[in-house]
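What follows is a single structure, written as structure tokens, with notes after it.
Since every read-out is calculated from the coordinates, none of them should be taken as a lab result. No experiment lies behind these values; they were computed from the predicted model shown. Don't worry about glycine lacking a Cβ; one is built from the backbone with ideal geometry, like all the others, and counts go over all protein chains shown.
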Amino acid sequence: MSLERIKIESLARVEGHGGINVTFDEGKLKKVTVDIHEGPRLLESIAIGRSPSEVVSLACRTCAICTLSHRYAALRAMEKALGIEVGPKVQLMRDLMHCGEMIESNALHVFLLALPDYLGFPSAVHMVPDYAEDVQAGLRVKRFGVRLMELTSARPIHGENPVIGGFGRYPSKSELLKFKYAAEALIPDAERGVEILRNMRQPNYMEEGMTFMCTKPAHDRYGWVGDRILTSTGEEFNGWDYRKLTNERVVAHSMAKRSRYKNKPYMVSALARFNLLGERLEAEAGEHFRRCYNLSWIRNPMYNNVAQAIETVWALEEVPRLVDKIIAIEDDPDICMPSRDKGAGSAAVEAPRGTLYHHYEVAADKVVGADIITPTAQFLDMLESHIRVAARNLIKEGDTDDIELKLEMIARAYDPCISCATHLVRVKGL
Amino acid sequence: MKALKLKRDDLYTYLESLKSYGELWGPVAKGEKYVYARLTNVRDVALGALRTIIPPKKFFVPPRFTMFRYTDDHYAESFDDVKPRVLFGLHPCDIHGLLILDELFLERFPDPYYKRRRDATAIVGLSCIPDDKCMARSTNTHAVEGGFDLAFNELGNNYLVWIGSSLGDDLVRLNLDLFSEDIEPEDLKTYLAWRRKRDSRYKLSFDLTGMPDIMELSWDSPMWNELAEKCLACGSCSMVCPTCNCYNVRDVSDLTLNSGVRERHWDSCMNKEYALVAGGHNFREARAERLKLWYTHKLKAFITEYGKPSCVGCGRCIDTCPVDINVAEVIRGLTGQKVTL
Amino acid sequence: MTNPFLPEEMRLVRRYDLTSDVRFFQVRPVDMDRALSLRYKPGQFMMISLAGAGEAPFSISSTPSRPGMLEFCIRKVGRVTTELFKRKENSLIGVRGPYGNGFPLEKMIGKDNLIVVGGLGAAPLRSLLLYILDNRDKFGKFYFLHGAKTPEEMLFRKEFFEIKERDDLNCHLTVDVDEKGQWPFHVGLVTDLFSKVEELDPENTYATVCGPPAMYKFVIAEFLKLGIPKHQVLMTLERRMHCGIGKCGHCAIGPIYTCLDGPVFSYWDVLHMKDLI
Amino acid sequence: MNNKPKVGFYSFSGCEGDLLTILHCEDELLDIFSAVDIRSFRMASSERHDDENLDIAFIEGSITTNKHVKKLKVIRERSKIVVALGTCACYGGPQSARLGYNDWEERFKKVYGSAKLTVAKPFESQPLDEFIKVDYRIPGCPIDKYQFFYALTRLAKGMPVELTKFPVCAECKWNENECLLLKGQLCLGPITAGGCNSRCPNHGLPCIGCWGPTDEANVASEINLLKEKDFSAEEIINKLRLFGGAGMVRRFGELLGIKPKEEKTLSKTQGVSKKKREKK
Ligand SMILES: Cc1cc2nc3c(=O)[nH]c(=O)nc-3n(C[C@H](O)[C@H](O)[C@H](O)COP(=O)(O)OP(=O)(O)OC[C@H]3O[C@@H](n4cnc5c(N)ncnc54)[C@H](O)[C@@H]3O)c2cc1C
Ligand code: SF4
Ligand code: SF4
Ligand code: SF4
């Protein structure tokens, strides 16, 4: 069979609009591109001239799935710019809300978006007749994540409760305890995802070595927030040097910019986090990690699905620990006020799909510079590369049945977030 | 009516006893304001509370509630949240507000949703000292003769407790030992002094005589357009007014499509769609027309019908409207009277 | 206590189209005793309730002189009406009422009557028309003037054609435009028909009008020209209603509620109550 | 197969928060899928039927490229009812916050430089009704799931939908919040469409207007009021524009310092004729 062109107009079961385009020249693979046709929103340029708090509200609108990661990164960057140091309760509450998002996004991806691929269904709804219990388990975990986001941020998506300097309102002790007990009870459900994926044969036609990066937690436990960046090349950077790491550029087939490190594609993701920090995982999550980890994890992006499943277990185990600490601090702190009205700040947090950078410059209480670099923008080149390898291998072996699906699965394993990726731009002084 | 005395110090003990009748609710602080909230801890009650954000009407016509649950074409009445309650701490103006709602909801075609909630609720009044937004003296709603089961009145180190109904008598018997019947001449003096003090505190006062005629004559007054230009049509005034009672009804289907609820929720005549009918004709398109209707209801219609205004002088519209449109402003505009704010 | 908001089950016995968007509905309480004991007056209305769609007020088009049935004539405009149009014969619908004051029949008896109808105004006034015809001997002279936009849009065409043949009333029908040239009667505005009104004793006449809002002004002017006293000029009004029993507030006009104190008003009411029309 | 209404969900430029709000309805998701026949929901399923006719199309996101316009028009032609879902589809969303300032090309260049993009021809973000007729608008950033259910069940039964017409203040009162505007904060509650259950004021935070303006927004009075409270005109207008997008520009452009002249250029560059605009 001779192929002329493979074109996946619009990737399904991913957030945002992207496609895959593979072209051939006389039967030989010519070009592989991941096209991003989501329209540009130029959100950073909208930020210019607005107040820091408006920009935080704007920043989280970059993306609905990782809304709280964006909000978290924006808050941290803004607080650095404005000279605000928040207290421990605020910090713990933010970690709790971050857990909510990780649980929500990872469970959505693992159970509803990725599993149908492994089990051969077009969607999770189609899985119901045969895998009702698993779909239900996935929905329960995801529902918990959504509720936790709602509790901490005021609504499931774009909640406005986390503000610069603190929170509008703190949940009551009894609300928090309800979530603590619910999290404990849900661990077996989350483990179901790990079990199913562990027993699946991971396709390997795309394997290729990768460079990984992730945020180094401020403490020596597993975590998602810190001021330094780790790379699998053994280096460590300051978060504010993120531009050296990401080196963005524009390509013609994409409304999203692309990043490279030392002119090579790299990966950020749960897989990156596990490759770099996996040994730090405690309790059940740690057990699962050690059971599942193997050397393919550094070559095969499909293991990102497994990593996300295990990370969900970790986040559920983390919720009770956080709740106990939050409850121990009785008084709700007032919102911290800025100590200055100008400055610059960068911050990195791990979004479910990888490292996310926000950077702002503020002068006279107005934002004058803004830069957001999303995980998807960073790994698009790596993703494209894996698809190229896969297309080459599959064609070489004449294994071209369902080739679209096979390529799409790789893209999906990255859990890309395309609407995020289309507004990742530095803008200064408009 | 019978009057008893209760020591101030015994108030909390008595409030605790009231819980055996039903849920105890009373004013508690919310920021700088007050709201009626469940008193799980009786010491949460704000005894010096001024007006609550929403008047007690919320207990009898909740902002939103289910009238029926339906399945296919079968309707089942829903009185889910009707339960015995004691409302403690209603000021006289709010009790008058309820008496006005009673006229609307309990007279012709009694409304069972209102009636059941009203029947299940004991009203315990509490005297108050007005602030600069109270106008109850002008509306003659600063004191109560009825409309309560018990009414507490400040009396030095005691409360003077009026029993207003046989239910009130039962409530007293929940902890009879706390009450005493010996009211002494000294007490009357204290009571009268307290009344003088209260009456002297009304900063707002005006004359409502002939208000219907004045409204009629001012129908085309430019004042209405001036107010309309400022009015945000936000509806806050109607939400907080103890005698505003308009509502909408809508059916909300379950996703299964064959069952659902018929629910009722507060509406406001300040809402643009309020008088919109099929075919797109709107009887009160202009904000000025809607404002006129609001104030007609307060200062004209009810007087014509019942001989008293349906404004009870609680001051909530004064406290609430962001652009200072309120009953005092309107009266001032209509009559040229000096209404000091 | 009975719940006045609870709809009563009635069976939809007959329905057919009157025009492209107006349909005739005949309904009957499921309980036959109730059907026979149901009392109402021309000019009153009922709330029709369809679970999932909601409720809306509709004038009763039938006459109490023919008990056992209720008839409505309804234009499809929104939620309730759309749902109602889907209901088949023999299905059950919710109805409550009757509500409103209705026409002051006690005062109208023995008097001359003049009814003027435009468009959908036929819905409430058909009730009065049939009532007078069924009790013809109790009333004096009787004029019925009816205008529609086009022949196709005239409601109850067949019924009115038959009534026109009767010699115990003066019935005149008109249409604004007759494109096909097939209309056998007058073509022009309903006010043209006043030229056919003669020999009424104005002091002893009740004149009733119902139709689109724009029509009232002109028709009332004609009534006054005839010398009919203002308090004997009657009309039915429309307002938004969510309850029908003076609770929801939407139909309030000054101190009155259209649903309780109306929907029938006299021209005198209109004059002394601002905001009525 | 059945007579359930055929429904499609589509999305253009935005954060996909509206469709995600629907995916977040774990408890109701299966009911939704059985109440209507969902023919297209890319975010949830790879199954697609992109050429058949639909009863209802729910569309989120704003229109930002020529390809979008083409796709949007096809959806319109295929669908009996089109519902704009979310503030982006209704008013253009935050990415339309600078509509009428005519600086889009400059901003675009700052971001993408002079690189040639082949994927599509982009332009400044616009709401759906710049290009097609929209039957219903369900605003929100993101939408509220109960409003969506309400609209869905109504439409599934072939009935018209009326959404909340109250501004946020009314719901804010139901929730008995202390009024932040009265406490001197810049709250857009009085002129913002309700339906969110006054989420932000419930948390002690002022409304930022994410549901777009109410039909009757008295913007002039709100601006005057805020000026009295010592906010600058610039600050107020920035806030009003952030989510008000085209809704604000069209209805209150002059108040916000956007001259009608500029608005014409705006529609010319987007290829929308004046006539079409007036029809709406
Ligand atoms: C006393 C009386 C008698 C009547 N008699 C008849 C009669 O005999 N025949 C007849 O056909 N009609 C009659 N009507 C009119 C009828 O009640 C209305 O047309 C009614 O609205 C139809 O209900 P619906 O649910 O189908 O329309 P709705 O769904 O209520 O909508 C109709 C229109 O009303 C407006 N509207 C209503 N509710 C809202 C809302 N919540 N938000 C925004 N807009 C809204 C809109 O413009 C909408 O297009 C009568 C009305 C009254 C008051
Ligand atoms: S009068 Fe004031 S409170 Fe009432 S609607 Fe107008 S602005 Fe709102
Ligand atoms: S806080 Fe905002 S939304 Fe609430 S009443 Fe005040 S102005 Fe309205
Ligand atoms: S209160 Fe305002 S900003 Fe907050 S959710 Fe509602 S509409 Fe959006």
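Quick notes
- In plain terms, if you count all Cα to Cα distances in the stretch B:63-199 and split them into 10 Å steps from zero, the share in each step is 10, 32, 31, 17, 7, 2, 1 percent.
- Equivalent-ellipsoid semi-axes of the stretch A:43-379, from the Cα gyration tensor, Å, largest first: 31, 25, 18
- Along the stretch D:161-167 the Karplus relation, 6.51 cos²θ - 1.76 cosθ + 1.60 evaluated at θ = phi - 60°, assigns HN-Hα couplings of 10, 10, 9, 3, 9, 6, x Hz to successive residues, with x for each Gly and Pro.
- FRET efficiency, residue C:134 to residue B:216 (Cβ-Cβ, R0 60 Å, nearest 0.05): 0.90
- Compactness of the stretch D:168-267, taken as the C-alpha radius of gyration over 2.2 N^0.38 Å, stands at 1.08.
- Build a GNM of chain B with springs between Cα atoms under 10 Å apart, and of B:89, B:31, B:164 the one that fluctuates most is B:31.
- Shielding score for B:62-75, defined as the mean number of other chain Cβ atoms within 10 Å: 4
- Along each principal axis, Cα extent of the stretch C:140-228, largest first, Å: 41, 31, 19
- Mean Kyte hydropathy of -0.5 or more with a Cα span along the axis of at least 24 Å, helices from DSSP in chain A: A:88-107, A:124-153, A:173-198, A:303-328, A:375-396
- When the listed pairs C:41/C:164; A:142/A:366; B:33/B:197; A:178/D:239; A:178/B:133 are checked against a 31 Å cut-off, the alpha-carbon distance exceeds it for A:142/A:366; A:178/D:239; A:178/B:133.
- Taking GluC sites (Glu not before Pro) in DSSP loop conformation with at most 10 other Cβ atoms inside 10 Å as exposed sites, chain C has its longest uninterrupted site-free stretch at C:1-178.
- Taken along its three principal axes, the alpha carbon spread of the stretch B:220-272 comes to 52, 21, 18 Å, from the longest extent down to the shortest.
- Shape call, the stretch D:65-110: gyration tensor on alpha carbons, a/c limit 1.5: oblate
- Look at B:223, A:97 and count the other Cβ atoms within 10 Å of each Cβ; fewest to most, that gives B:223, A:97.
- Residues whose amide H lies under 5 Å from that of residue B:158, counting only those 5 or more places away or on a different chain, are B:8; hydrogens are built 1.01 Å from N in the peptide plane.
- With loop membership from DSSP and a limit of 16 other Cβ atoms within 10 Å, the longest segment of chain A without GluC sites (Glu not before Pro) is A:86-207.
- Cα long-axis angle, helix C:122-134 against chain C (0 to 90 degrees, to the nearest 10): 70 degrees
- Share of alpha-carbon pairs per 5 Å distance bin for chain C, given as whole %: 1, 6, 12, 17, 19, 17, 14, 9, 4, 1, 0, 0
- Gyration tensor (alpha-carbon) shape descriptor, the stretch A:312-387, a/c threshold 1.5: oblate
- Only helices reaching 18 angstrom along their own axis (Cα) with mean Kyte-Doolittle hydropathy no lower than 0.0 count here, and for the DSSP H runs of chain B these are B:92-106.
- On Cα atoms only, tilt of C:213-226 relative to the major axis of chain C in degrees: 40 degrees
- Tensor-based shape of the stretch A:42-84 (alpha-carbon gyration tensor, a/c under 1.5 rounded, otherwise prolate or oblate): oblate
- Relative exposure of B:106, A:276, A:281, judged by other C-beta atoms within 10 Å (fewest first): B:106, A:276, A:281
- Rg/Rg_globular for chain B, with Rg_globular taken as 2.2 N^0.38 Å and Rg from C-alpha atoms: 1.07
- Total formal charge among the other residues, if their Cβ is under 14 angstrom from that of residue A:218, Lys/Arg +1 and Asp/Glu -1: +1
- You can think of it this way: the chain between residue C:192 and residue C:90 has 32.5 nm of extra reach, that is 0.36 nm per residue less the Cα-Cα gap.
- Euclidean distance between Cα centres, the stretch A:154-168 to the stretch B:289-341, Å: 39 Å
- Comparing the protein assembly as shown with the 2.2 N^0.38 Å rule of thumb, its C-alpha radius of gyration ratio is 1.03 (two decimals).
- P(r) histogram, all alpha-carbon pairs of the stretch A:112-175 included - 10 Å bins from 0, percent: 20, 33, 22, 19, 6
- Over all pairs of different C-alpha atoms in the stretch C:50-130, the reciprocal of the mean inverse distance, the Kirkwood hydrodynamic radius, equals 14.6 Å.
- Taking 1.002 mPa s as the viscosity and 20 °C as the temperature, the Stokes-Einstein diffusion coefficient of the stretch B:1-100 based on its alpha-carbon Kirkwood radius rounds to 137 µm²/s.
- Mean residue ellipticity, 222 nm, helices only, chain C: the sum of -39500 (n - 2.57) across DSSP H runs of n ≥ 4, divided by residue count and rounded to 500, is -6000 deg cm²/dmol.
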